[in-house]
Amino acid sequence: MGYWLLPRLLLWSMLTVSCLGAASTLLKTETDPSQAILKRSMEQQMAVQTAVSFAREWMRWDGEELPEARIQRLKPYVSPEALNRVAALQSEQKTNRQNVIASEFMSLASASGSRHTVRIRVIALNPERLVWEVDVPVWAESGKGAAVTAPPLIRPLSEAPVVTEPGNAETSASGEMKQRMRPVIESFLKAVCEGKDAESLSNYVTTGAKLTPLKGRIRFVAMERLDATGAGPYAVTVTFLAKDEAAGFRLTQIWKLTVTEENGKFFVSGISA
């Protein structure tokens with residue numbers, strides 16, 4: 001073999017190895033399931049966001065609005081081919097009007113490819129409070145965006161799910177313990193509702209607890225129920241009545257407190273819903 005062939009063989013060997021490495025990387029990228037999952041998740045999120053915003057605009061009906069103005073409102077969310085069909089709205093009276101209070105995501109069903117059906121709950125005034133549920137067909141593709149492809153399908157209203165509270169394995173605190181705890185918790189609730197600063201809670205919270213009072217946004221009226229489990233720290237659930245002083249209405253609050261006992265006194269270390 002001539003010496004002149006060696007450089008060529010070496011060059012071809014290097015090119016072959018490089019091509020094999022590139023092909024291996026490409027195949028690995030294409031078959032990496034995490035990339036496909038991430039892409040699918042992003043498309044579903046795009047579909048949901050588009051459907052929620054679109055439903056809010058689509059369900060806003062105004063007999064005095066010109067068709068061209070409604071089309072412009074819906075244009076950012078709808079495929080151009082379907083825009084006129086989706087935006088179409090006929091009004092029998094100039095006073096017909098529906099204002100949307102909120103639009104909420106309920107569920108998502110994904111078909112093959114990039115097509116999704118997003119169920120949205122819309123709360124509106126017409127002029128009474130109304131609740132609608134619609135299925136919005138959305139096409140979404142990562143890197144391209146999302147668009148509604150057809151008019152929403154109005155659905156029967158869903159019943160709210162029945163949620164059962166999980167059983168508590170902790171032993172209920174004694175009646176005597178609850179009676180001792182009750183006046184302290186009542187005083188704490190009054191302080192946290194009406195107190196002006198963290199200092200107003202100093203007699204009721206543990207050292208280092210980061211609790212901030214509501215500064216009089218609501219006023220404590222009366223405790224309706226107190227339940228406590230555990231043997232220290234205690235998981236305490238309090239149901240109490242509060243009043244919004246500005247509006248004058250009363251409302252029920254249910255707070256879950258973490259309570260500890262130190263030297264015969266009770267202190268709160270945390271609040272949760």
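The values are calculated or read from the model by the stated rules, or taken from the named source; none is laboratory data. Nothing here was measured: the structure is a model prediction, and the numbers come from that model. Virtual Cβ from ideal backbone geometry, glycine too; neighbours counted across all protein chains shown. With ligands, DNA and RNA removed, areas are computed over all heavy atoms of the protein, side chains included. Shrake-Rupley method; radii C 1.70, N 1.55, O 1.52, S 1.80 Å.
The rows are residues; the columns are (1) more than 23 Å from Arg217 (Cα to Cα); (2) surrounded by fewer than 17 Cβ atoms within 10 Å (Cβ to Cβ); (3) modelled with pLDDT of 90 or more; (4) within 27 Å of the chain's Cα centre (by Cα).
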site	(1), (2), (3), (4)
Gly232	yes, yes, no, no
Val238	no, no, yes, yes
Ala242	no, no, yes, yes
Glu245	no, yes, no, no
Gly248	no, yes, no, no
Lys256	no, yes, yes, yes
Phe266	yes, no, yes, no
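Looking across the stretch 107-117, just one residue is outside any strand (DSSP E or B) and at pLDDT 90 or above, and that is Ser114. Just to be sure before I move on: is Thr260 at pLDDT 90 or above and under 15 Å from Cys193 (Cα atoms) in the structure I sent? Criteria not met by Thr260. For the stretch 34-71, the tally of residues that are among the aromatic types (Phe, Trp, Tyr) and assigned to a helix (DSSP H, G or I) stands at 2. Taken over the stretch 201-226, the criterion of being surrounded by 15 or more Cβ atoms within 10 Å (Cβ to Cβ), out of contact with any strand residue (DSSP E or B) (no Cβ under 7 Å at 6 or more places or on another chain) and over 19 Å from Leu251 (Cβ atoms) is satisfied by Leu201 alone. I'd like to know if the stretch 233-244 contains one or more residues that are closer than 23 Å to Thr171 by Cβ and touching a helix residue (DSSP H, G or I) at 6+ places or on another chain (Cβ under 7 Å). Among the residues of the stretch 233-244, at least one is closer than 23 Å to Thr171 by Cβ and touching a helix residue (DSSP H, G or I) at 6+ places or on another chain (Cβ under 7 Å), which makes the answer yes. Restricting the stretch 194-222 to residues that are within 30 Å of the chain's Cα centre (by Cα) and among the β-branched types (Val, Ile, Thr) leaves a set whose member that is nearest to Val268 (Cα to Cα) is Thr212. Of the residues Arg85, Arg119, the single one that is touching a residue at least 60 places away in the same chain (Cβ under 8 Å) and basic (Lys, Arg) is Arg85. Scanning the stretch 86-106 for residues that are of a type outside the set (A, V, I, L, M, F, W, C), farther than 16 Å from Arg70 by Cβ, at pLDDT 90 or above and open to solvent by 60 Å² or more (accessible area, probe 1.4 Å) turns up just one, Glu104.
Taking residues in the stretch 40-53 that are open to solvent by less than 30 Å² (accessible area, probe 1.4 Å), and partners anywhere that are part of a helix (DSSP H, G or I), the pairs with Cβ atoms closer than 6 Å and at least 6 places apart or on different chains are Thr50/Tyr77.
With a requirement of 2 or more residues that are within 30 Å of Pro76 (Cα to Cα) and of a type outside the set (D, E, K, R), the strands (runs of 3 or more DSSP E) lying completely within the stretch 125-241 that satisfy it span 129-141, 145-148, 153-155.
Has the stretch 129-140 got any residue that is closer than 17 Å to Ala82 by Cβ and among the small types (Gly, Ala, Ser)? Yes, there is a match, as at least one residue in the stretch 129-140 is closer than 17 Å to Ala82 by Cβ and among the small types (Gly, Ala, Ser). Looking only at residues in the stretch 60-78 that are among the acidic types (Asp, Glu) and open to solvent by 100 Å² or more (accessible area, probe 1.4 Å), the one that is modelled with the lowest pLDDT is Glu64.
When you look at Glu57, is it at pLDDT 95 or above, more than 19 Å from Lys144 (Cα to Cα) and open to solvent by less than 100 Å² (accessible area, probe 1.4 Å), yes or no? For Glu57, the condition - at pLDDT 95 or above, more than 19 Å from Lys144 (Cα to Cα) and open to solvent by less than 100 Å² (accessible area, probe 1.4 Å) - is met.
Rundown of residues vs (1) open to solvent by 50 Å² or more (accessible area, probe 1.4 Å); (2) within 30 Å of Ala36 (Cα to Cα); (3) under 26 Å from the mean Cα position of the chain (by Cα), yes/no style:
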{"position": "Pro80", "(1), (2), (3)": "yes, yes, no"}
{"position": "His116", "(1), (2), (3)": "no, yes, yes"}
{"position": "Trp132", "(1), (2), (3)": "yes, no, yes"}
{"position": "Lys144", "(1), (2), (3)": "yes, yes, yes"}
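Tallying residues that are over 15 Å from Ala55 (Cβ atoms) and hydroxyl-bearing (Ser, Thr, Tyr) within the stretch 117-152 yields 1.
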